[in-house]
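Below is one structure; the comments refer to it alone.
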Amino acid sequence: MRMKGLLWGDIVFQYKYGFYFLYTILTVFYIGVAITLPQSWREKIVILMIFTDPAAMGLFFMGAIVLFEKSQKVLDSLAVSPVKPIEYVVSKLLSLAFISTSAGLAIAMASGLPVNLFTLTISLFCSSCLFSSFGLIIAAKATTLNRFILATIPIEITVMFPAVGYLFGWRPIWGLVHPGVCMMEVCLQGSFVPVAFGILFGWTVLFLFFALAVIRAMLQSVGGVAL
Amino acid sequence: MIHAKNLSFSYTKAPFIENLSFHIETGEIFGFLGPSGAGKSTIQKILTGLLKGYKGFVSIDGAEVKHHHNDFYETIGVDFEFPSLFEKLTARENLVFFSSLYKKHGDIDRSLAAVGLTREADKKVSGFSKGMKSRLNFIKALLHDPALLFLDEPTSGLDPTNARIIKDIIRNEKEKGKTIILTTHNMYDATELCDHVAFIVDGTIRALDTPRNLIMSKGASKIVYTYVSEGMERLREVPMRETGMDETLQRLIRESGITSIHSSEPTLNDIFVEVTGTHLV
């Protein structure tokens, strides 16, 4: 019941702040771009678009969400409520993963991406949760949106570059330990999909627990008390 | 209900609160009075379980607060000094959301009506005045019917009418058997509402008693009267216990020569200044 209330609260918050409107517009835009691309480019460009935006939206938007909650002191009330840190984290991850996965799937289907929709859904969901965990970890420490944006740059470079390289032909086998590369391997339906999915899932769980530890500390330090 | 013994806490190597001991009975209103930075918020954070690294002993209903279960939060309500509300949501949406986090759900419409926010129920909080946000924040803390209430400056920013409404609700909650911990700078609220108050300065309790005992024990009640003498109005003060020995007063009473007379007692703020040597700011 509490989890349902939290999740609904996050969805209402994201709706009120225009996340749903924005991603409807962006999805239509990406589909428009995709269907104008030559068939030979389309698959890779569409995967690139999905991977760098809907899947990664948590990395960009978590800062705004958490900083709004900090500035409106909502976290103070949550810290003295029965809400557990794991519930807070899962609610944030699931609410954004719903937008990410829906937008990514819509783009993939409308542009005729030749992928297994089931594996794409799972991959998008895990990728979204992973990026949202990165976003939560940074947002919990950030005091301003500018600092948040600056702190996301190294994450973007670290996660995106090897993944984009893999998409365009740089494919060492050891690259599969990298979460971004695993996302690509699953999207491209390569030869190591089960392994890549397992590694991606492992990274997602690992960073979920990391985000959980950071959020637990953040909730204990609300009101300017540093422990 | 709440028992603290030799409670100490430090954010750095220097102690921030030191050797606090107090006892709060079920169903009483207990006030922590002190200037900013005195340690009131830290005490509240310890009691609400947010700060666990304290020394000494603090229990609520017999259970050490650092070991309490998550269900503890079902039984407490916290009204922070500054509104903690989603600005883009309406008053009703805020209450629905926060209420959904608890097992007990109060009547949202009745709560809004109690603080005069019925007409604003479906308006966004971002358009609310400071006082409206304060009132909404206050009922948010009460909605799940907590047995223990922490109220931080609950009348701050309110006009006298709304402050009176909030104080009446606080008294009503006490009558229902709730235990209320009031953190405030406002000596009038503390005098009016609290069964006991503790003066906190520099992380220590300088005095703890009922407001009346503090006022009566530390300060002398007196009578102030005026009369006309040699064509000029004169003012004279006499301690209450010495009125029988004040010959001027006796004579003026016999001659009906008093132009004004009233008793004067020190306020809690006067006692605070006397005891702590500092002001409640």
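Side notes on the structure shown:
- Looking only at segment B:43-80, and only at residues there that are open to solvent by 10 Å² or more (accessible area, probe 1.4 Å) and within 18 Å of the chain's Cα centre (by Cα), the one that is nearest to B:Thr276 (Cα to Cα): B:Gln44
- Tallying residues that are under 17 Å from A:Phe134 (Cβ atoms) and either part of a loop (DSSP other than H, G, I, E, B) or open to solvent by 30 Å² or more (accessible area, probe 1.4 Å) (or both) within segment A:44-84 yields 7.
- Hits in segment A:106-121 - residues which are over 13 Å from A:Gln189 (Cα atoms) and in contact (Cβ under 8 Å) with a residue 24 or more places away in the chain: A:Ala106, A:Ile107, A:Ala108, A:Ala110, A:Ser111, A:Gly112
Yes or no, residue by residue, for (1) touching a strand residue (DSSP E or B) at 6+ places or on another chain (Cβ under 6 Å); (2) free of Cβ contacts under 8 Å to residues at least 24 places away in the same chain; (3) within 14 Å of chain A (Cβ to nearest Cβ):
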| residue | (1), (2), (3) |
| --- | --- |
| B:Tyr102 | no, no, yes |
| B:His105 | no, no, yes |
| B:Pro146 | yes, no, yes |
| B:Met187 | no, no, no |
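- Sole residue being over 30 Å from B:Glu28 (Cα atoms), of a type in the set (A, V, I, L, M), in contact (Cβ under 8 Å) with a residue 40 or more places away in the chain and not in a helix (DSSP H, G or I), chosen from B:Val238, B:Val224: B:Val224
- Within segment B:73-107, the set of residues being in contact with a Phe, Trp or Tyr (Cβ under 8 Å, 6 or more places away or on another chain), among the aliphatic types (A, V, I, L, M) and under 30 Å from B:Ala63 (Cβ atoms) comprises B:Ile76, B:Val78.
- Boolean, A:Val90 is farther than 25 Å from B:Phe86 by Cβ and either more than 10 Å from every other protein chain (Cβ to nearest Cβ) or assigned to a helix (DSSP H, G or I) (or both): no
- Subset of segment A:128-156 [open to solvent by 40 Å² or more (accessible area, probe 1.4 Å) and either within 19 Å of A:Ile47 (Cβ to Cβ) or in contact with a Ser or Thr (Cβ under 9 Å, 6 or more places away or on another chain) (or both)]: A:Glu156
- Test: residue in segment A:26-38 that is assigned to a helix (DSSP H, G or I), within 10 Å of chain B (Cβ to nearest Cβ) and open to solvent by 50 Å² or more (accessible area, probe 1.4 Å): no
- Entirely in segment A:130-224, the helices (runs of 4 or more DSSP H) that have 2 or more residues that are among the small types (Gly, Ala, Ser): A:145-167, A:193-220
- Matching residues, segment B:79-107, being out of contact with any Ser or Thr (no Cβ under 6 Å at 6 or more places or on another chain) and over 20 Å from B:Gly127 (Cα atoms): B:Asp79, B:Ser99, B:Ser100, B:Tyr102, B:Lys103, B:Lys104, B:Gly106, B:Asp107
- Among the candidates B:Met240, B:Met216, residue that is at pLDDT below 90, surrounded by fewer than 14 Cβ atoms within 10 Å (Cβ to Cβ) and hydrophobic (A, V, I, L, M, F, W, C): B:Met240
- Residues located in segment B:138-154, provided they are in a loop (DSSP other than H, G, I, E, B) and over 19 Å from B:Asn94 (Cα atoms): B:Ala147, B:Glu153
- Taken over segment B:156-177, the criterion of being closer than 30 Å to A:Phe13 by Cα and open to solvent by less than 20 Å² (accessible area, probe 1.4 Å) is satisfied by B:Ile166 alone.
- B:Thr48 out of contact with any Leu (no Cβ under 7 Å at 6 or more places or on another chain), closer than 30 Å to A:Asp10 by Cα and at pLDDT 95 or above: no
- Residue match in segment B:250-257 (condition: open to solvent by 80 Å² or more (accessible area, probe 1.4 Å), closer than 26 Å to B:Met216 by Cβ and basic (Lys, Arg)): no
- Residue check for B:Lys5: more than 9 Å from chain A (Cβ to nearest Cβ) and open to solvent by 30 Å² or more (accessible area, probe 1.4 Å): yes
- Verdict on B:Thr226 being surrounded by 13 or more Cβ atoms within 10 Å (Cβ to Cβ) and among the polar types (S, T, N, Q): yes
- Some residue of segment B:192-207 being assigned to a helix (DSSP H, G or I), of a type outside the set (S, T, N, Q), surrounded by 14 or more Cβ atoms within 10 Å (Cβ to Cβ) and in contact (Cβ under 8 Å) with a residue 24 or more places away in the chain: yes
- Elements of type strands (runs of 3 or more DSSP E) contained in segment B:1-74, each with 1 or more residues being at positive phi and in contact (Cβ under 8 Å) with a residue 60 or more places away in the chain: B:17-24
- Those residues of segment B:10-39 which are at pLDDT below 90 and either open to solvent by less than 20 Å² (accessible area, probe 1.4 Å) or touching an Asp or Glu at 6+ places or on another chain (Cβ under 6 Å) (or both), in sequence order: B:Ile17, B:Gly34, B:Pro35, B:Ala38, B:Gly39
The values are calculated or read from the model by the stated rules, or taken from the named source; none is laboratory data. The structure presented is a predicted model; accordingly, all values stated were derived computationally and were not measured. Positions of Cβ are generated from backbone atoms using ideal geometry, with glycine treated the same way; all protein chains shown enter the neighbour counts. For accessibility, only protein heavy atoms count, side chains too; no ligands or nucleic acids. Shrake-Rupley method; radii C 1.70, N 1.55, O 1.52, S 1.80 Å.
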